[in-house]
Amino acid sequence: KEYFAALREYCRTLPYLTLYDIYSPMKLDEVYVPLLVRQRTLEHGPGLENEEEQRSPVGTSDTLPIAKVFQRAAQPHLLILGEPGAGKSTLLRRLAECAWDNSQAIGLEKPHLPMLVPLRMLALADGTLEERLAKALKNELPLIEAPPTGFFRAWAQQMDAPWLLLLDGLDEVPVDKRTGLMQWLDGILSFIGNGRVIITARTSVYEPEAWKHKPFSIYDIQ
């Protein structure tokens, strides 16, 4: 209950600097605008000799709301690309806000346990998946106390729900730590069962070859 209370409070606030002396602070649901995304197709090149090897788009020119993406994505995990200010961090807060309380609104068939952490914090932490996530949560959410040891498996079993890991800002990870972090993430994907991972990044750091064989569907914010 404490975790959900802290997460809801965190998601209600805007991830932007505001001039509090001029404008009253606003909540996310007061200003959120649903975003549209379009699936990115890998172009022909080395190792992509035929169309079957390409990641096909949902439609040649389809733009989709995020709710449709969850239902139609070919891969279980998502990479969301966007320019600075496109709304990537805001989108993740919206997903975290709805994943348990209103999962159908974002296209999930069942409630998920949401966890939203900046990737730069995961890159700086060490230890197991649970230890890294716990360290990141302590620094990000207004928690009364740290999550207990074993929470990652215990909460999913107790609530009979998979995790939705929302990992924000791959571009904010120091360049010298980015490759190691992605290798670590590749290794832990098999341990999250039927959970899902969503990563956001600026378009400028996207390298098609690095994502070619990963279980991620790739979308651009329109």
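The values are calculated or read from the model by the stated rules, or taken from the named source; none is laboratory data. Only a predicted model underlies this, so the values are computations on that prediction, with no experimental measurement involved. Glycine gets a Cβ as well: all are built from the backbone with ideal geometry, and neighbour counts include every protein chain shown. Ligands, DNA and RNA are stripped out before the accessible areas are found, and what is left, the full protein with its side chains, is counted by its heavy atoms. Shrake-Rupley method; radii C 1.70, N 1.55, O 1.52, S 1.80 Å.
Taking K and R as +1 and D and E as -1, what net charge do the other residues with C-beta under 9 Å from the C-beta of PHE70 add up to?
The answer is +2.
Taking a probe of 1.4 angstrom, what is the accessible area of THR179 in Å², to the nearest 10?
In the full protein context, THR179 sits at about 90 Å².
For segment 67-158, which chymotrypsin sites (Phe, Trp or Tyr not before Pro) pass both filters: DSSP loop (anything but H, G, I, E, B) and at most 11 other C-beta atoms within 10 Å?
Here no loop site has a sparse enough neighbourhood.
Tally Lys and Arg at +1 and Asp and Glu at -1 over the other residues with C-beta under 13 Å from the C-beta of TYR10: what net charge comes out?
Once all neighbours under 13 Å are counted, the net charge is +1.
State the percentage of accessible surface on segment 103-222 attributable to carbon and sulfur atoms; use a 1.4 Å probe and exclude ligands, DNA and RNA.
Roughly 49 percent of what the probe reaches on segment 103-222 is carbon or sulfur.
Could you order peptides 116-122, 26-32, 2-8 by the average number of other Cβ atoms within 10 Å of their residues, highest first?
Descending mean neighbour count gives 116-122, 2-8, 26-32.
Going down the list LYS1/LYS88; LYS88/LYS212; LYS1/LYS177; LYS68/LYS88; LYS68/LYS138; LYS68/LYS135, which pairs span over 29 Å between their C-alpha atoms?
Too far apart for the 29 Å limit: LYS1/LYS177; LYS68/LYS138; LYS68/LYS135.
Keeping all protein chains in the complex and leaving out DNA, RNA and ligands, what accessible area do you get for LYS212 with a 1.4 Å probe, in Å² to the nearest 10?
40 Å²
What's the local net charge at PRO84, with K and R +1, D and E -1, over the other residues with C-beta under 15 Å away?
Once positives and negatives cancel, what remains is -3.
Over the chain, with the other protein chains present, what is the accessible area per residue in square angstrom, probe 1.4 angstrom?
54 Å²
Sort THR128, THR90 by accessible area with a 1.4 Å probe, largest first.
THR128, THR90
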